Amino acid sequence: MRMSHTFTKTLRNAPKDETAKNGAYLTRAGYVHKEMAGVYDYLPLGLRVIEKIKGIVREELNAIGCEEVLMSALQNPEPWEKTGRFSDQEVDIWFKTELSAGGELGLAPTHEEPMVNMLKSYISSYKDLPLYVYQFQTKFRNELRAKSGILRGREFLMKDLYSFHTSEEDLDKFYAEVEKAYARIYERVGLGDDTYETFASGGIFSKYSHEYQTLLPVGEDTIYHNKDYSVVLNKEVLNDETLADLGVKREDLLEETAAEVGNIFKLKFKYSEPLGLKFSDENNEQKTVYMGCYGIGISRVMGVIAEKFADDKGLVWPEAVAPFKYHLVAIGDSGTKKAEEIYALHSDEILFDDRGNVRPGEKFADAELIGLPYRIVISDKTLAEDSAEITVRATGESRLVALDKIFNN
């Protein structure tokens, strides 16, 4: 990508209504454009970050046998009415619309009902199970207060995985596999050191579910943990029974603020029973399918990464999710000529600041704001030593590197 060719531009100041650090920096650096509260467009740089995160999640889920689909956002009310969740009294975050020919549709806030309804066409025997199906889908939730940049939106991108089983034992086994996969995902996107599996409410169908919470001062959740984080629980389940279950004392727990970046849930028969998802077992008896669901907010993960690692100069992307690995800055005629040669050979991982009418100081400030892992400066001065200056964004460390060794980082 050439900065002289892209339509986006960096902004010196954040919009007045963008108070969260992630929203302010992502907007200023040209990753997102805010349409309205809780609704964002993802611009070329932002879309590349989203795709990097999706790629990591996809790799880990495919590795444990999951299949990817893409379901519709528009929802037929019928399956939702069977579970009671199309009612605004039960679920108060629906966006609904009237059809011109009569009738009502909704925009999906999640996909348990349509997923179960679809799979009734494909599951009939124990031989069809287990089955693990996921998607990356835009969800719509009429949040009372959309805030914190892209951490909480009315329209957002989610990975939702659903598993289907013949027995509770098989559900438990797969659930444990997802726990391992989630740990790998958060490690790979750069959040592994501060993201913890957290005990949360299991609702009416299991004692506990698990959330994945990343320590973050502006997060919306309060968590409690022991000294080594081997036990972490959400405030909603902080009670005597939970403390006894987990074998910890209240006085040994520390309080911190965190942002939820995922959740996993053993649904059992919650949706399969009312929607009639059954299978014939080895004795040809009809049994209800066991079910689990597993979510990761992809755009929320992007926002958490932006919020967590940004400094006072701008964004700081972990290498695995950065839109490009290198920010190439050309200075002077000779520097520009050599930078063009380098870009021609390595364009896939380079954001090239080839703007001829921009001063070096402004280029450096933009590079810090955009936050790619490495800045490469090619100038008349560095060429005098047959070198380039490479700066590590996360540490600010700079050094001269021989031109034929630039991409050894």
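The values are calculated or read from the model by the stated rules, or taken from the named source; none is laboratory data. Just so it is clear, the structure is predicted and the values come from calculations on it, not from any experiment. Positions of Cβ are backbone-derived with ideal geometry, glycine not excepted, and every protein chain shown enters the neighbour counts.
Observations on the model:
Matching residues to (1) among the hydroxyl-bearing types (S, T, Y); (2) modelled with pLDDT of 95 or more:
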{"position": "T6", "(1), (2)": "yes, no"}
{"position": "K16", "(1), (2)": "no, no"}
{"position": "G46", "(1), (2)": "no, yes"}
{"position": "E59", "(1), (2)": "no, yes"}
{"position": "I64", "(1), (2)": "no, yes"}
{"position": "M71", "(1), (2)": "no, yes"}
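- Residue that is nearest to S379 (Cα to Cα), among those in segment 279-334 that are without any contact (Cβ under 8 Å) to a residue 24 or more places away in the chain and outside any loop (DSSP other than H, G, I, E, B): D311
- If you go through segment 327-349 and keep only what is buried (at least 22 other Cβ atoms within 10 Å of the Cβ) and under 19 Å from N408 (Cα atoms), you end up with H327, L328, V329, A339.
- Selection count, segment 82-130, where residues are of a type in the set (D, E) and free of Cβ contacts under 8 Å to residues at least 40 places away in the same chain: 4
- Selection count where residues are in contact with a Gly (Cβ under 6 Å, 6 or more places away or on another chain) and either crowded, with 24+ Cβ neighbours inside 10 Å or aromatic (F, W, Y) (or both), scope segment 306-316: 1
- Of the set (1) of a type in the set (K, R); (2) assigned to a strand (DSSP E or B); (3) in contact with a helix residue (DSSP H, G or I) (Cβ under 7 Å, 6 or more places away or on another chain), all apply to K338 but (2).
- Pairs with Cβ under 8 Å, 6+ apart, first in segment 174-190 and not assigned by TED's automatic domain parsing to the domain that holds I264, second among the charged types (D, E, K, R) and outside any helix (DSSP H, G or I): none
- The number of residues in segment 349-373 being within 18 Å of V49 (Cα to Cα) and either among the β-branched types (V, I, T) or not in a helix (DSSP H, G or I) (or both) comes to 7.
- Residues in segment 199-244 that are in a helix (DSSP H, G or I) and in contact with a Lys or Arg (Cβ under 8 Å, 6 or more places away or on another chain): L243 only.
- Options E256, E273; residue that is in a strand (DSSP E or B), farther than 27 Å from K54 by Cα and either without any contact (Cβ under 8 Å) to a residue 24 or more places away in the chain or not aromatic (F, W, Y) (or both): E256
- Looking across segment 354-379, the residues that are closer than 19 Å to L400 by Cα and either under 28 Å from the mean Cα position of the chain (by Cα) or assigned by TED's automatic domain parsing to the domain that holds L26 (or both) come down to A367, E368, L372, P373, Y374, R375.
- Number of residues in segment 43-72 that are farther than 17 Å from L369 by Cα and outside any helix (DSSP H, G or I): the value is 9.
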